[in-house]
Amino acid sequence: MQQDQFLLYGANGYTGELIARFASEYNLQPILAGRRKEALKPLAEKLNLPYKVFDLNDTSALEAALKLVKVVVHCAGPFDHTAKPMADACLKTGVHYLDINGDMDVYELLYSYDEAAKKAGVMIMSGAGFDVVPTDCTALFLKKLLPSATSLKLAFATPGGGLSHGTATTTVQKLGEPGAVRKDGKLTAVPIGHKGMKVDFGGGQKLFVMSLPWGDVFTAYLTTGIPNIESYTVVPAAAYGLLKFQFLFNWLLRTSLVRGIVKKKIDKSPAGLDDIKRQKATSLVWGEVTDNAGNKRTARLSGPDAYTFTAYCTLLIARKVIDGNFKPGYQTPAGAYGEDLVMEISGVKREIVN
């Protein structure tokens, strides 16, 4: 086993390729892995990296590949199908698990592995990228500013970026389904977009955001213990207005026909940004906590585009794990590494608004 190697499953995807390209900046070497040789081999030759071809259903091949490393960075979605077989194999082989998932249901699934992971001495961290490192760190940062906080609101925007293929595909699978908030410590179903507001992300960017079931509704509660949590993202005001009538057509959005049409459109679009657009794009995070006495603290954060953010976050955490800096069991990014984890990423800026 080479000390600086990790397994990168889903390496031929857009974000996986970025992770592979940037790995040397952290003195890491990925073993590229995935299902399709025709996609992996050219990438491996281009980057002069080793590769392995296997399906997650091939348990013996998966476990053999994991035995070569200490940690896997799992980038092959949709994670509601792929997280379980990878996590199961990690527990069996004693390998630490990281993924770039943003689906709240998957966080909940992997949280159920907590006790088993502790017994195996394995760390499971879902959301080791833009989903949810910057927001999770913002949540803990705010909690420490106002320890009495009972409510947390988080919002994010990706100017010039947009959704990745994986996130967009996951979103399609949730069309017509309810959203969620954390209320009095419990996950509570609410309509997507049940709330909207203007957020000042700084730099003159006051943007309209609406509520949605971002992963922080699950993870920020584990990180901070704050019992009431809402998450928001930027949408056109017209789209928000349309969602007021979503109860009329949710049944249609849940049909395989409509979801299939939308997915085909996503599949035809570019996998991600070209390097020039990616370098110009940014990501923005805003957070606010309040307590029962009406005290309030607000902070915001800016950094590189969400794709680059994800690549650097996963590599930073993989480096820490390989160096022996990890906590067994299910962990959130800020829960394991503190609110300043995100500040280790080049280009990230954070400020206290009030």
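The values are calculated or read from the model by the stated rules, or taken from the named source; none is laboratory data. Keep in mind that this is a model prediction, so the values were computed, not measured. Note that each Cβ is placed from the backbone with ideal geometry, even for glycine, and that neighbours are counted across all protein chains shown.
Kindly indicate which of LYS70, LYS37, LYS41 is more than 20 Å from PHE309 (Cα to Cα), among the charged types (D, E, K, R) and crowded, with 19+ Cβ neighbours inside 10 Å.
Details: LYS37 fails: crowded, with 19+ Cβ neighbours inside 10 Å; LYS41 fails: crowded, with 19+ Cβ neighbours inside 10 Å.
The conditions single out LYS70.
Which residues, taken from the range 94-110, are over 24 Å from ALA64 (Cα atoms) and of a type in the set (Phe, Trp, Tyr)?
TYR107
May I ask you to list the residues in the range 210-229 that are in contact with a strand residue (DSSP E or B) (Cβ under 6 Å, 6 or more places away or on another chain) and either assigned by TED's automatic domain parsing to the domain that holds PRO333 or touching a residue at least 60 places away in the same chain (Cβ under 8 Å) (or both)?
Listed by number, the residues that qualify are PRO213, TRP214, GLY215, ASP216, VAL217, THR219, ALA220, ILE226, ASN228, ILE229.
Taking only pairs six or more apart or across chains, which ones have beta-carbon atoms under 6 Å, a first residue in the range 24-43 that is closer than 16 Å to HIS74 by Cα, and a second residue that is hydroxyl-bearing (Ser, Thr, Tyr) and surrounded by 18 or more Cβ atoms within 10 Å (Cβ to Cβ)?
LEU32/TYR51; ALA33/TYR9; LEU40/TYR51
In the range 90-108, what residues are out of contact with any Ser or Thr (no Cβ under 7 Å at 6 or more places or on another chain), assigned to a helix (DSSP H, G or I) and free of Cβ contacts under 8 Å to residues at least 60 places away in the same chain?
Selection gives CYS90, LEU91, LYS92, THR93, ASP105.
Quick check: is even one residue across the range 132-140 under 18 Å from PRO78 (Cβ atoms) and touching a residue at least 24 places away in the same chain (Cβ under 8 Å)?
yes
Taking the range 203-219 as the region of interest, how many residues are modelled with pLDDT of 90 or more, in a loop (DSSP other than H, G, I, E, B) and either under 26 Å from THR332 (Cα atoms) or within 23 Å of the chain's Cα centre (by Cα) (or both)?
1
In the list ALA311, ALA318, which residue meets the criterion of being more than 23 Å from GLY160 (Cα to Cα) and either basic (Lys, Arg) or assigned to a helix (DSSP H, G or I) (or both)?
Within the list ALA311, ALA318, the selection yields ALA318.
Applying the selection to the range 109-131, what residues are at pLDDT 95 or above, in a loop (DSSP other than H, G, I, E, B) and within 10 Å of the chain's Cα centre (by Cα)?
Across the range 109-131, the qualifying residues are GLY127, ALA128.
So LEU301 ticks every box in (1) out of contact with any Pro (no Cβ under 6 Å at 6 or more places or on another chain); (2) in the same structural domain as LYS277 (by TED's automatic domain parsing) but one. Which box is left unticked?
(1)
What is the residue count in the range 13-28 for residues that are at pLDDT 95 or above, in a loop (DSSP other than H, G, I, E, B) and under 16 Å from LYS52 (Cβ atoms)?
0
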